[in-house]
Structure formats: C-alpha cells, structure tokens
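Novice: This is the structure I want to talk about, given as structure tokens.
Nothing in this text is a laboratory measurement; each read-out follows from the coordinates by a stated rule. Because the structure is predicted, anything quoted here is derived from the model rather than measured. With ideal geometry, Cβ positions are generated from the backbone for all residues, glycine too; neighbour counts draw on all protein chains shown.
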Amino acid sequence: KKVGIIGCPFNGGQHRNIGVEKGPKKLMEFGLIEQLEELEWGVEFDGHHKLNELRPAEDPNIGKLKKPLYVSRVAETVSKAVESHLKRKQVALTLGGDHSLALGTVSGTLSVYPDACLIWVDAHADINTPETTKSGNLHGCPVSFLLGIAGKVPGFEWVNKILSPDRIAYIGLRDVETSEKKILKQLGIKAFSMHEVDKYGIGKVVEMALDAVNPGRTRPIHLSFDVDALDPTVAPSTGTPVRGGLTFREGHYICEAIHETGCLVSVDMMEVAVPDHEIYPDIDDSQVFATVTVGLSLIRCCLGETLL
Ligand SMILES: N[C@@H](CCCCC(O)O)C(=O)O
Ligand SMILES: [Mn+2]
Ligand SMILES: [Mn+2]
Ligand SMILES: [Mn+2]
C-alpha cells in the first residue's frame, strides 16, 4: 500500500498573514514520512509544489473574489497532482495550505473516482458562491464550485468534475453564514453541526454521515479535514478558529471510523498555520506544536493507526 504526499504551501485563498503556507513543511519536519512508514506505508513524497510560481503578475478581483486567477491556477495544478497519485492506485494525502486547495484535491479525486463521496470536516461550510461571499476569500467557497453552483468565473473553466449534493456530508459545522444555510437547505445537503455531535455523539454522527453519502460503503471516500473543525484549545494555530469545536478524541474518532470503512482514497489536512511571532504574538510555539501534532495524529488515524 502506497501513499502520495502532496505538499501545498498555499495561502492565496485567504487574506491573513498567519503562515498557513508554512503548514506543509512543518508537518513534514515533525516526521510525517517516518510515521507513515512505521504504519507500513510506502511513501512517495511529491515535494512542496512551488505554487507561488503560479502567482500571476496581475490578479484583479472578480466581483468580490480575491486572487481568483492565482487560486484557480493552484487548484488546477493540485488537481493534476492528486490525479497522478490516484491513477497509480496510491492514497493521495494533501497537506495545506488554505482550504481553497480542496477545489483541486476533490476535482482530482472525482476525475479518477467519479463515484466518490466527500466527508467535509470543518467549522465552516466553505460553500459561499461568488455572489454570496462577503469576505471574497476563496477558502470559503470551494464547495460551491465543486457543486457547479458558482456560475461562470473566468479562470475556473477547468472545473468540470461536478460533485452531486447527495455525495457530500459535513461534520463539525458551527460558523455557517445565512447565505450558506440557505444553500445547504435548498440542496438538501447532509450537515451534522456541533449540535448533532452533542445530541447523538460522534459515533452515531459519523455513521449517519456515511449512511447518507455511502450507504453500501462501496464508494471511494475523500476526507477533507479543516483543522479548525477541532476546538481552538485542541488546534489553536489556524486562521479562522471558532469556539465550541470537536474534542481531540472526536476528531480522531472520525478518522478512525473512516479508515475502518476501507474506502478512503484521498485525504486533505488543511489550514494548519505557522505564524510569525512578531505578527501573532498570541500564538506561541506550544500552540503551533499542538496544532501540527494533532494534524499528524489525525493523518495517522486515517491511514490505519489504532489505539489497540
Ligand atoms: N464563511 C467565511 C469563513 C470561511 C472559512 C474558510 C475555512 O473553513 O476554510 C468566509 O466565507 O469567508
Ligand atoms: Mn506526483
Ligand atoms: Mn475550511
Ligand atoms: Mn474552517
């Protein structure tokens, strides 16, 4: 069994100078390859893609969307990288970088596994359209592009692997904009917020999410994990933290349970930030350490690490 690691040092989908582009290197520095080899994976490290070389000289906003050309070029490149690993029967593991990258990773997965389903673990729905976004940050929009409801946006013509609404389920939502709530309702998308996690427990929530998108457990699974799904006390070093999140164990249970299905083909570990202390004095080394190590631990659980 082989896993292809795709390093994506990218921050163009958001506007904070919080060092989310330094996430991939940090995850690698903390021993990811050795840890996966320990779990008997063959590891092909794709390297840290030189995504900043894709930055166009001019990149005017399109409506409110910021850096649209940069984000679309990077996502298309990432889509091809994911595709190349999946085509060679590897599990694709993408390290972010901001969550706009998931437009690329999920497109790549769908091009190789058109019947794949998507589990989106996040405090946010990331389903704003170019019309509904307030921030203009494309890390808040990837799902609308994947669903084909973003409309025609110059530069995004390459996005043509459409995800159907009954193939995505959310876990961990607690900071969803009114416009996004409308879209979720209109499309009947299965969304398990922290309210459902409290009410049913994470075990039942994961089972219901999988029942919704993968009833026979026959479809390949793409897991897109935004570390801000975890409570900020668990993963403090991230760009858009929101209180009242998943515990350390709830986050791990999701990954363990998804591994157990045997269907996992593609994993994203996104929004791990490594800020500059001068710019963000309130995020210290221990908080970066906590966030990087929880990201690594979640990845290991996706790839078969068990407690017993
Ligand atoms: N919904 C907000 C926050 C998005 C957070 C993105 C993260 O989940 O990848 C926005 O659209 O700016
Ligand atoms: Mn490659
Ligand atoms: Mn996200
Ligand atoms: Mn988020």
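Novice: Go through segment 148-153 residue by residue and turn each phi into a ³J(HN,Hα) via Karplus (6.51, -1.76, 1.60, θ = phi - 60°); whole Hz please, and just put x for glycine and proline.
Specialist: Using θ = phi - 60°, the values come out as x, 10, 8, x, 7, 10 Hz.
Novice: Just to be sure I understand: of the beta bridges DSSP finds with both ends in the chain, what percent are antiparallel, rounded to 5? Write out the running numbers ahead of the final one.
Specialist: Numbers: 1 of 35 bridges.
Percentage antiparallel, nearest 5: 5.
Novice: Let me ask another. Given R₀ = 41 Å, FRET efficiency for K204-E58 by Cβ-Cβ distance, to 0.05?
Specialist: Values: r = 50 Å, r/R0 = 1.23.
Calculated transfer efficiency: 0.25.
Novice: Determine the gain in length on full extension of the stretch H15-K2; use 0.36 nm per residue of separation and subtract their C-alpha separation, reporting nm with one decimal.
Specialist: So the extension gain works out to 1.2 nm.
Novice: Helix-only estimate, please: 222 nm mean residue ellipticity of the chain, summing -39500 (n - 2.57) across DSSP H runs of length 4 or more and dividing by its residues, to the nearest 500.
Specialist: Working: 10 runs with 111 residues, N = 308.
Theoretical 222 nm ellipticity from helices: -11000 deg cm²/dmol.
Novice: Explain nothing, just the number: relative contact order of segment 71-170, from Cα pairs under 8 Å at least 6 residues apart, as a whole percent.
Specialist: Numbers: 136 pairs, mean separation 30.1, N = 100.
Result for segment 71-170 is 30 percent.
Novice: Now for a separate question. In percent, how large is the relative contact order of the chain, given Cα pairs closer than 8 Å and 6 or more residues apart?
Specialist: Numbers: 677 pairs, mean separation 68.6, N = 308.
Answer for the chain is 22 percent.
Novice: Sort segment 42-184 into rounded, prolate or oblate with this rule: let a ≥ b ≥ c be the square roots of the eigenvalues of the Cα gyration tensor; rounded if a/c is under 1.5, and if a/c is not under 1.5, prolate when a/b is larger than b/c, oblate otherwise. Spell out each step's value before the answer.
Specialist: Details: a/c = 1.72, a/b = 1.18, b/c = 1.46.
Oblate, since a/c reaches 1.5 and b/c is not below a/b.
Novice: Counting only complete DSSP H runs, which helices of the chain cover 27 Å or more along their long axis at the Cα atoms and score a mean Kyte-Doolittle of -1.0 or above?
Specialist: Answer set is 68-87.
Novice: Still on this structure, please answer the following. Which lysines, if any, have their Cα less than 26 Å from the Cα of K2, not counting same-chain residues under 8 positions apart?
Specialist: K22, K25, K26, K50, K80, K87, K89, K161
Novice: In debye, nearest 20: dipole of segment 39-168 around its Cα centre with unit charges on the Cβ of K, R (+) and D, E (-)? Intermediate values should be presented prior to the final figure.
Specialist: Working: 14 positive and 15 negative charges, 45 e Å.
Roughly 220 debye, rounded to the nearest 20.
Novice: Taking the Cα centre of the chain as the origin and placing charges on Cβ (Lys, Arg +1; Asp, Glu -1), which of H277, I202, H252 is farthest toward the positive end of the dipole?
Specialist: I202
Novice: Quick one: 3J(HN,Hα) in Hz for segment 225-232, Karplus 6.51/-1.76/1.60 with θ = phi - 60°, rounded, Gly and Pro as x.
Specialist: Residue by residue, segment 225-232 yields 9, 8, 4, 6, 5, 6, 4, x Hz.
Novice: Can you put W41, W158 in order, fewest other beta carbons within 10 Å first?
Specialist: Ordered from fewest to most neighbouring Cβ atoms within 10 Å, W41, W158 come out as W158, W41.
Novice: Skipping prolines and chain starts, which residues have an amide H placed within reach, meaning under 5 Å, of the one on F45, given they are 5 or more residues away or on another chain?
Specialist: Amide H neighbours of F45: I5.
Novice: Further question on the same structure: Determine, for S193, S224, the number of other Cβ atoms within 10 Å of each Cβ, and report the residues in order from fewest to most.
Specialist: Numbers: S193 19, S224 28.
Fewest to most other Cβ atoms nearby, the residues stand as S193, S224.
Novice: Is the shape of segment 179-233 best called rounded, prolate or oblate, per the rule: a/c under 1.5 gives rounded, else a/b larger than b/c gives prolate, else oblate, with a ≥ b ≥ c the square roots of the Cα gyration tensor eigenvalues? Walk me through the numbers before you get to the answer.
Specialist: Details: a/c = 1.44, a/b = 1.13, b/c = 1.28.
Note, shape of segment 179-233 comes out rounded.
Novice: A further question follows. Counting other beta carbons within 10 Å of each residue's own, what order do F192, F10, F248 fall into, fewest first?
Specialist: On the way: F192 22, F10 32, F248 16.
Going from sparsest to densest Cβ surroundings: F248, F192, F10.
Novice: Tell me, what is the percent relative contact order of segment 117-218, built from C-alpha pairs under 8 Å that lie six or more residues apart?
Specialist: It rounds to 31 percent for segment 117-218.
Novice: Can you classify segment 130-271 as rounded, prolate or oblate using the Cα gyration tensor, where a ≥ b ≥ c are the square roots of its eigenvalues, rounded means a/c under 1.5, and otherwise it's prolate if a/b beats b/c and oblate if not?
Specialist: In terms of gyration-tensor shape, oblate.
Novice: What nm value, rounded to one decimal, do you get for the distance between N160 and F45 when each label is placed 7 Å out toward the C-beta?
Specialist: Output for this residue pair reads 3.6 nm.
Novice: Taking one equal scatterer on every alpha-carbon of the chain, how large is log10 of I(q)/I(0) by Debye at q = 0.07, 0.10 1/Å?
Specialist: -0.22, -0.47
Novice: Excluding same-chain residues fewer than 8 positions from K199, which lysines have a Cα within less than 19 Å of its Cα?
Specialist: Counting by Cα, and skipping residues close in sequence, K199 has these lysines nearby: K190.
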